[in-house]
Amino acid sequence: MKTNILKKFCTRDNISKYIRSYTIILATLIIWGVFQFLTKGTFLSIRNVSNLFRQMAVVGVLSIGMTVCLIAGNFDLSVGSVTGFLGAVSAYLITNMGLSPIISVIVAVIVGMVIGFWNGFWIAYQKVPAFIVTLGSSLIFKGGIFIITQGTTIPVREDFYLALGQKYISIPFGYFCVVAGVVLYIIQDLKKRKDMEEVLGQSTPIIHHILKYCLVGMVSFGFVLVMNLYEGIPIAVFIMFILLIILSFMLSKTSFGKRVYAVGGNSRASMMSGINNARISMITFVIMGGIAGLAGVLQTARLAAATPGAASGMELDAIASSVIGGVSLAGGSGKVYYAIVGGLVMASLSNGMSLLNVNSDVQYIVKGLILIIAVWFDVRIRNYEK
């Protein structure tokens, strides 16, 4: 009996899934331990942990959108420039045109979706390679940043706008959100277990689920407790988690999400099964564009200004975060929430090296090496699955 259970869980697919899932978590803990030792306790101080998550929010938001693109078998090299451009647009609308911050945020997201439509049109319907289209868009909007800013900094002084990148949600509301989130997770998981019993006649022992709920609850409450020991959960991080929940639900629970995985996994087979591959690809780029607009707002709000060099190279951080989080560059596999863990790894490297006063050129070298290792790891896992 035990042998059968062991064989059931020790399949190639399960082993590769566990390796993808737990290696990144272990790597994160190791990185934290090393920086905690090298900085003599500064890295995991309450203040720095809060600052770390606030810094990773922008890259985390972008990595969520990039994950959707990668699962569909595409990628977007323009998101760094588009993020900087849309952040500059929102700052210009507030400072130079006197528009309300709410309208400027909405405009940034809508313009981002239009830019995503532009990229998707050339890639999905005109069959131009994503590398060329998004690289061209990157250059276009990099020039657009200089047109908007005129090579200078555009300061922003609107309190509501700045709160998005600098303020925190209230401590009681933070506890309410984590309780609601854990309860919803338990309800959803129990429903999934019931469906598995009814459809496949299979179920895992309830003790496994109870242990999982305890782990999720401890991690969630621990995170909120640490954040609340400082000033609370940063609003930018809260927005990132809301976006994470929405996209995770969209990819795992809707027909659109299943089609995204199908298109990325085998585009020919998905087309033969009646899926409109071009439309799915188009939608993923529209989603990526809207998310880039939101990221641009968060970046500008955090810095309280739009600068010509804002978000430069951030597309590589977003891609690296997704790949480190286990999203396959070949498409068809990956989870959005692991991309957030990948974003946390990239932010931890930047934060830790900055605390150690490591030069920016060395930081780029380290990040480049991490990206190469992550892609190598992805290739080895895919070869193992075959």
* Evaluate segment 136-157: report whether one residue or more is within 21 Å of residue 327 (Cα to Cα) and open to solvent by less than 10 Å² (accessible area, probe 1.4 Å). => no
Segment 136-247: helices (runs of 4 or more DSSP H) wholly inside it with 2 or more residues that are among the acidic types (Asp, Glu) are 171-199
So for segment 334-356 (the condition being outside any helix (DSSP H, G or I), modelled with pLDDT under 85 and open to solvent by less than 50 Å² (accessible area, probe 1.4 Å)), does at least one residue qualify? yes
Residue 76 passes all but one of the listed conditions (1) charged (D, E, K, R); (2) surrounded by 20 or more Cβ atoms within 10 Å (Cβ to Cβ); (3) in a helix (DSSP H, G or I); the exception is number (3)
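Each row is one residue, and each column tells you yes or no for (1) free of Cβ contacts under 8 Å to residues at least 60 places away in the same chain; (2) over 27 Å from residue 195 (Cα atoms).
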residue	(1), (2)
265	no, no
270	yes, no
285	no, yes
309	no, yes
317	no, yes
325	no, yes
333	no, no
For residue 216, state whether it is modelled with pLDDT under 85 and surrounded by 14 or more Cβ atoms within 10 Å (Cβ to Cβ). yes
Q) Would segment 307-324 turn up any residue that is within 30 Å of residue 150 (Cα to Cα), in contact with a strand residue (DSSP E or B) (Cβ under 7 Å, 6 or more places away or on another chain) and not in a helix (DSSP H, G or I)? A) no
Does residue 293 count as closer than 22 Å to residue 123 by Cβ and either assigned to a helix (DSSP H, G or I) or of a type outside the set (Ser, Thr, Tyr) (or both)? yes
Residue 110: open to solvent by less than 50 Å² (accessible area, probe 1.4 Å) and either touching a helix residue (DSSP H, G or I) at 6+ places or on another chain (Cβ under 9 Å) or more than 22 Å from residue 150 (Cα to Cα) (or both), yes or no? no
Scanning segment 328-343 residue by residue, those touching a Gly at 6+ places or on another chain (Cβ under 6 Å) and β-branched (Val, Ile, Thr) turn out to be 340, 341
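The values are calculated or read from the model by the stated rules, or taken from the named source; none is laboratory data. These numbers come from a predicted model, not from an experiment. A quick note on method: Cβ atoms are made from the backbone with ideal geometry, for glycine too, and the neighbour counts reach across all protein chains shown. For the accessible areas, the whole protein counts, side chains as well, though only heavy atoms, and no ligand, DNA or RNA atoms are used. Shrake-Rupley method; radii C 1.70, N 1.55, O 1.52, S 1.80 Å.
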